[in-house]
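The values are calculated or read from the model by the stated rules, or taken from the named source; none is laboratory data. Please read all numbers here as calculations on a predicted model, not as lab measurements. In this analysis, Cβ positions are derived from the backbone assuming ideal geometry, glycine residues included, and neighbour counts consider all displayed protein chains. Side chains are part of the model used for accessible areas, which takes the heavy atoms of the whole protein and leaves out ligands, DNA and RNA. Shrake-Rupley method; radii C 1.70, N 1.55, O 1.52, S 1.80 Å.
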Amino acid sequence: MKFLLINGANLNMLGQREPEKYGNTSLSDIENALINRGSELGVMVDVWQSNHEGEIVDKIQAAKGIYDGILINAGGYTHTSVVIRDAISAVQIPTVEIHMTNIHAREEFRHTSLLSGVCVAQVIGFKEQSYILALEGLVKLLK
């Protein structure tokens, strides 16, 4: 199996940005841990990050026929992007939404995810471990 991890806006700042919420782990550390865990599970994981909504849409669309699953932390776009939601829906690749924090325990505008309705699952609140849990869950779902 082959999975794609997509990280959205501001996630390139992990390890520097609001460590009280997101911890001190960098995005590259999270990506490397996910790639390593994927290898242990027999899954190839490609990683990618962009701060630009249209690039995220393009990446999702390009995934069709290449990837068996998508893991996505769209960051703030989770709460605002109909076009990312539509792209996930259009490609029909099983997708898991990831958040490091519990979005339901934060500001009210973060309580709504536009993506969750087109994803097979949502993993939230476990900081960097959310990524590993999402990967393991998607592997189990697809086997």
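Within the set of pairs 6+ apart or on separate chains, which have a first residue in region 117-140 that is under 13 Å from K21 (Cα atoms), a second that is open to solvent by less than 40 Å² (accessible area, probe 1.4 Å), and C-beta atoms under 6 Å apart?
Within 6 Å, the pairs are I124/H99; I124/I103; K127/G23; K127/M100; E128/T25; E128/I30.
Those residues that are polar (S, T, N, Q), under 13 Å from K127 (Cβ atoms) and free of Cβ contacts under 8 Å to residues at least 60 places away in the same chain, I need them from region 13-56; list them, please. So that I can check it myself, show each step before the final result.
Taking region 13-56 and keeping what is polar (S, T, N, Q), we get 16, 24-26, 28, 32, 36, 39, 49-51.
With under 13 Å from K127 (Cβ atoms) added as a condition, the list becomes 24-26.
Once the filter is applied, which keeps residues that are polar (S, T, N, Q), under 13 Å from K127 (Cβ atoms) and free of Cβ contacts under 8 Å to residues at least 60 places away in the same chain, region 13-56 yields N24, S26.
If you check E18, E53, E31, E40, which single one turns out to be surrounded by 15 or more Cβ atoms within 10 Å (Cβ to Cβ), out of contact with any Phe, Trp or Tyr (no Cβ under 8 Å at 6 or more places or on another chain) and not β-branched (V, I, T)?
Checking each option against the conditions leaves just E31.
Taking the options I70, I124, I103, name whichever one is closer than 19 Å to V57 by Cβ and among the β-branched types (V, I, T). If you could, list the steps in order and put the result at the bottom.
On the way: I124 fails: closer than 19 Å to V57 by Cβ; I103 fails: closer than 19 Å to V57 by Cβ.
Every option except I70 fails the conditions.
Go through (1) in contact with a Lys or Arg (Cβ under 8 Å, 6 or more places away or on another chain); (2) over 24 Å from L14 (Cα atoms) for I132 and report which single condition fails.
Condition not satisfied by I132: (2).
Matching residues to (1) under 23 Å from L27 (Cα atoms); (2) at pLDDT 95 or above; (3) more than 12 Å from the chain's Cα centre (by Cα); (4) open to solvent by less than 20 Å² (accessible area, probe 1.4 Å):
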| position | (1), (2), (3), (4) |
| --- | --- |
| D86 | no, yes, yes, no |
| V91 | no, yes, yes, yes |
| V96 | yes, yes, no, yes |
| H111 | no, no, yes, no |
| V118 | no, yes, yes, no |
| Q122 | yes, yes, no, no |
| E128 | yes, yes, no, no |
